[in-house]
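Enquirer: After the C-alpha cells below, expect a handful of questions from me.
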Amino acid sequence: MTSGDPEGQKPSEPSFQGDLEALRELQRLLDEAYEHYFANSDGYCKSSEGYIGLDLNNYFERRDGEPLRIKGVEVYSYVLGPSRRHTFPTIAAALDTVRRWHAEEMSCDYSEEDW
C-alpha cells in the first residue's frame, strides 16, 4: 500500500488514490439514493443495504510477484438493484451501475400509485 505522498511511493507499489476517490463517489451515490428511497417509500429494505466489499488478490498471487490489486467489487442492494448481491470486475463498472441506479431512484415519483 502507499502513503498519500507520491514521492515516497516505490515504483512497484500500486496507487489506490483513484480507487479511493471512486469508492467515495460510489458510497455517496448509494447514500443519496437510499436517503431518497427512505424519505419517500414504505421503507422496505434488508439490513445489509449499501454494503460495498472489495475482493483483493490472494497471498499466492502476491507471493508470485503480482502487486496488491482489487480483483472485484460487491455491492449489496436489495432496494436499488434487481437482486441482492451485485458483483463487478472493477470499481469503475460498479460505479457505472450505481450511477444508473442513483439516476433511476432520484427520478422516481413516489406520488404515483404504481411504484
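The values are calculated or read from the model by the stated rules, or taken from the named source; none is laboratory data. Because the structure is predicted, anything quoted here is derived from the model rather than measured. Cβ placement follows ideal geometry from the backbone for every residue including glycine, while neighbour counts extend to all protein chains displayed.
Enquirer: Considering each residue of the range 23-69, count those that are in a helix (DSSP H, G or I), without any contact (Cβ under 8 Å) to a residue 40 or more places away in the chain and not small (Gly, Ala, Ser), and give that number.
Expert: Looking only at the range 23-69, we keep the residues that are in a helix (DSSP H, G or I), and these are 23-40, 59-63.
Add one more test, that the residue is without any contact (Cβ under 8 Å) to a residue 40 or more places away in the chain, and what stays is 24, 27-28, 31, 35, 38-39, 59-63.
If we keep only those that are not small (Gly, Ala, Ser) too, we end up with 24, 27-28, 31, 35, 38, 59-63.
Qualifying residue count, the range 23-69: 11.
Enquirer: Could you check how many residues of the range 74-95 are of a type outside the set (Ser, Thr, Tyr) and either exposed (fewer than 13 other Cβ atoms within 10 Å of the Cβ) or in contact (Cβ under 8 Å) with a residue 40 or more places away in the chain (or both)?
Expert: We begin by selecting, within the range 74-95, every residue of a type outside the set (Ser, Thr, Tyr); these are 74-75, 79-82, 84-86, 88-89, 91-95.
Narrowing the set further to residues that are either exposed (fewer than 13 other Cβ atoms within 10 Å of the Cβ) or in contact (Cβ under 8 Å) with a residue 40 or more places away in the chain (or both) leaves 75, 79-80, 82, 89, 91-92, 94-95.
Residues that pass the stated criteria total 9.
Enquirer: Something else now. Search the range 70-86 for residues being of a type in the set (A, V, I, L, M) and not in a loop (DSSP other than H, G, I, E, B), and hand back the single one that is modelled with the lowest pLDDT. Walk me through how you get there before you give the answer.
Expert: Applying the first criterion (of a type in the set (A, V, I, L, M)) to the range 70-86 yields 70, 73, 75, 79-80.
Imposing the further condition that a residue be not in a loop (DSSP other than H, G, I, E, B) reduces the set to 70, 73, 75.
Details: Ile70: 94, Val73: 97, Val75: 97.
This residue is Ile70.
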